[in-house]
Amino acid sequence: MRQPILRMEGEPDTQFFMLGQPIVEQMLSDLLKIPNSVTTTYNPTDSWWMDDGYYAFPIEKFKDILELWHKWLSLIHYITDVFDCDDYAFLFKEFMALCGYNSAGVLIGEITDLNTNQFLGYHAWNVILFINQQGVYKVMEFEPQLDDFVMNHVSYDKFGYRGEWIIW
């Protein structure tokens, strides 16, 4: 079996927590039903599952991954229609895989300016399956271009995110 290209120093395999698709589907369904000003029409069956199980990422170690991601981001430049949101989202998913975790998916949907309620277009960002020290699983949305979490489907700059499909 091939080993990941990147590996966190001292990261033991016991940090991996495998979940089956039905559990992940339920958590995603719960996440995407959060009430907000953007209507979410996501259905867990609108996902493409590439693996049999998913290893939840320890949330307290995410800052270590972000430090490595920052280094990669410094080498990447946005190019309209060539290297844009979908490329950032897929690159982050693969980056997590290179670090040894398959807990990032690519979420595809719509983005809206909540200040004007204007539909801006289609967008891609990430979802990440986390586990905390108490053993509680949580799925969170992450915007790899902004290097920030999307809380309750709204970014810090007041754009609304409406997920429709996930590629795991």
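Of note:
- The combined condition, being surrounded by fewer than 16 Cβ atoms within 10 Å (Cβ to Cβ), of a type outside the set (Phe, Trp, Tyr) and at negative phi, is not fulfilled by Leu114.
- Any hit, the range 158-166, residues being at pLDDT below 90, assigned to a strand (DSSP E or B) and within 25 Å of Pro58 (Cβ to Cβ): yes
- Reported count of residues in the range 117-145, each being modelled with pLDDT under 90 and either touching a Leu at 6+ places or on another chain (Cβ under 8 Å) or open to solvent by 90 Å² or more (accessible area, probe 1.4 Å) (or both), is 7.
- The range 75-107 - residue that is under 14 Å from Tyr122 (Cβ atoms) and among the hydrophobic types (A, V, I, L, M, F, W, C) and, of those, most open to solvent (accessible area, probe 1.4 Å): Cys85
Residues checked against (1) within 21 Å of Asp81 (Cα to Cα); (2) part of a strand (DSSP E or B); (3) within 14 Å of the chain's Cα centre (by Cα); (4) not basic (Lys, Arg):
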{"site": "Val106", "(1), (2), (3), (4)": "yes, yes, yes, yes"}
{"site": "Thr112", "(1), (2), (3), (4)": "yes, yes, no, yes"}
{"site": "Phe130", "(1), (2), (3), (4)": "no, yes, yes, yes"}
{"site": "Gly135", "(1), (2), (3), (4)": "no, no, no, yes"}
{"site": "Phe149", "(1), (2), (3), (4)": "no, yes, yes, yes"}
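- Applying a threshold of 7 Å to beta carbon distances and a minimum spacing of six or more residues, or different chains, the list of pairs starting in the range 146-168 at a residue that is of a type in the set (Lys, Arg) and ending at one that is at pLDDT 90 or above and crowded, with 16+ Cβ neighbours inside 10 Å reads Lys158/Leu114; Arg162/Gly109; Arg162/Glu110.
The values are calculated or read from the model by the stated rules, or taken from the named source; none is laboratory data. This structure is a prediction, so every number in the text was calculated from the model and none was measured. Cβ sites come from the backbone with ideal geometry, for glycine too, and all protein chains shown count toward neighbours. Surface accessibility is based on the protein's heavy atoms, side chains included, excluding ligands, DNA and RNA. Shrake-Rupley method; radii C 1.70, N 1.55, O 1.52, S 1.80 Å.
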